[in-house]
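Single-structure report; data block below.
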Amino acid sequence: MAERNYTRQLATIISIDAVGFSRLMGIDDERAVAAFEERRDIITDSCGAFGGRTFGVAGDSIMAEFGNPIEALRAAFDFQDRIMALNASAADEMRMPFRAGINTGDVIVREGRLYGDDVNIAARLQEFAPHDGLAISETTWHHVKDKTAAVFTDLGEFMLKNIALPVGVLIAGRGGNGAAIAAPLAAIPTAPVHDRLASKGPPAIAVLPFHGSNGGEPDVGYMADGIAEDIIYGLSNTRWLSVIAKGSSFQFRDDQLGTRLIGNALGARYIVGGT
């Protein structure tokens, strides 16, 4: 029997990716590389400060390993805050945001590198994250949900490429004192390449708050909400159609996920909205 030269352990993995790196390389490759390396050093420093280590740097992607999911989440928020501050002082065309995905699970460790499905899941989750934002697996969420001020948006379960079982995906945002998600949710890809699990039963429809209720004259907001409520009531009288409750759909009043991901989060096949 061959000698085993690896170990197994439970770990939390962050997969980190530079957004728009190829575009910046096309503008000025030397400045793009310098910008990436400056931000990579920030990521390495933040991960180390929270008890993690970076590994597997390849191109514009970085992986980091943590023993504690809470520290991984804190490190991700820390380096993203620092990178956003750095980007704010950079020329518009040379800003380089980073997005990240976090997963917790069993990994194989060999010569300082980590392998396994749970490493691959972290890389797939990163594709769901907003620019300067963070996506986490449901597994990681169970470890951190009651131990952090972060707020979470549940996108539902997805079948990820080359992963046998479905994975629950959530967007994590900075919270505290009722603060809303700070990550720019509009930057989440509106057409992820992964397949959401098909829901059972009749198709569902969600009616979102109309944009007129976001601000401006109070009377306009009340009228917009009233119209949306009337539409929900009218659709509810259609027996073959399942209508998402107002309390669920109206939570996306200020979010900018895009209709595809809002539909995924609500389990709705159809979305009704207005400006």
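The values are calculated or read from the model by the stated rules, or taken from the named source; none is laboratory data. Please read these numbers as outputs of a predicted model, since none were measured by experiment. Cβ sites come from the backbone with ideal geometry, for glycine too, and all protein chains shown count toward neighbours.
Confirm whether Val107 is in contact with a Leu (Cβ under 9 Å, 6 or more places away or on another chain) and in the same structural domain as Thr148 (by TED's automatic domain parsing). Outline the logic, then answer.
Details: in contact with a Leu (Cβ under 9 Å, 6 or more places away or on another chain): yes; in the same structural domain as Thr148 (by TED's automatic domain parsing): yes.
Here the answer is yes, as Val107 does meet what is asked.
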Can you confirm whether the stretch 34-56 contains a residue that is farther than 23 Å from Gly173 by Cα, small (Gly, Ala, Ser) and in contact with a strand residue (DSSP E or B) (Cβ under 9 Å, 6 or more places away or on another chain)? yes
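Hey, does the stretch 121-131 have a residue that's buried (at least 19 other Cβ atoms within 10 Å of the Cβ), part of a helix (DSSP H, G or I) and of a type in the set (Asp, Glu)?
Checked the stretch 121-131: no residue is buried (at least 19 other Cβ atoms within 10 Å of the Cβ), part of a helix (DSSP H, G or I) and of a type in the set (Asp, Glu).
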Would a scan of the stretch 142-151 turn up a residue that is under 25 Å from Gly267 (Cα atoms), in a strand (DSSP E or B) and in contact with a Leu (Cβ under 6 Å, 6 or more places away or on another chain)? no
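So which of Asp81, Asp132, Asp92, Asp117 is closer than 25 Å to Gln9 by Cβ and not aliphatic (A, V, I, L, M)?
Working: Asp81 fails: closer than 25 Å to Gln9 by Cβ; Asp132 fails: closer than 25 Å to Gln9 by Cβ; Asp92 fails: closer than 25 Å to Gln9 by Cβ.
From the options Asp81, Asp132, Asp92, Asp117, the qualifying one is Asp117.
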Go through (1) closer than 16 Å to Asp132 by Cα; (2) of a type outside the set (Val, Ile, Thr); (3) under 19 Å from the mean Cα position of the chain (by Cα) for Arg39 and report which single condition fails. (3)
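For the stretch 1-99, list the strands (runs of 3 or more DSSP E) that sit wholly inside it and hold at least 1 residues that are without any contact (Cβ under 8 Å) to a residue 24 or more places away in the chain, touching a helix residue (DSSP H, G or I) at 6+ places or on another chain (Cβ under 9 Å) and among the basic types (Lys, Arg); which are they? Step through it out loud before you land on a result.
Values: elements: 7-18, 53-58, 61-66.
Passing ranges, in order: 53-58.
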Tally the residues that are surrounded by fewer than 20 Cβ atoms within 10 Å (Cβ to Cβ) and among the aliphatic types (A, V, I, L, M), restricting the search to the stretch 80-113. 9
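Considering the stretch 9-52 alone, what residues qualify as being charged (D, E, K, R) and farther than 23 Å from Trp141 by Cβ?
Hits for the stretch 9-52 are Arg23, Asp28, Asp29, Glu30, Arg31, Glu37, Glu38, Arg39, Arg40, Asp41, Asp45.
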In the set Arg253, Arg174, Arg196, Arg260, the lone residue that is of a type outside the set (A, V, I, L, M), under 28 Å from Gln126 (Cα atoms), at pLDDT 80 or above and out of contact with any Leu (no Cβ under 6 Å at 6 or more places or on another chain) is Arg174
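Could you tell me which of the residues Glu71, Glu30 is at pLDDT 95 or above and of a type in the set (Asp, Glu)? First the steps, then the outcome.
Values: Glu30 fails: at pLDDT 95 or above.
The conditions single out Glu71.
Give Gly216, Gly201, Gly212 a once-over and let me know the one that is farther than 30 Å from Val19 by Cα, at pLDDT below 60, buried (at least 18 other Cβ atoms within 10 Å of the Cβ) and over 20 Å from the mean Cα position of the chain (by Cα).
Working: Gly216 fails: buried (at least 18 other Cβ atoms within 10 Å of the Cβ); Gly201 fails: buried (at least 18 other Cβ atoms within 10 Å of the Cβ).
Answer to the check: Gly212.
Just checking, does the stretch 51-61 include any residue being aliphatic (A, V, I, L, M) and buried (at least 19 other Cβ atoms within 10 Å of the Cβ)?
The initial filter retains those residues of the stretch 51-61 that are aliphatic (A, V, I, L, M), namely 57-58.
Adding the requirement that they be buried (at least 19 other Cβ atoms within 10 Å of the Cβ) leaves none.
Within the stretch 51-61, none of the residues are aliphatic (A, V, I, L, M) and buried (at least 19 other Cβ atoms within 10 Å of the Cβ).
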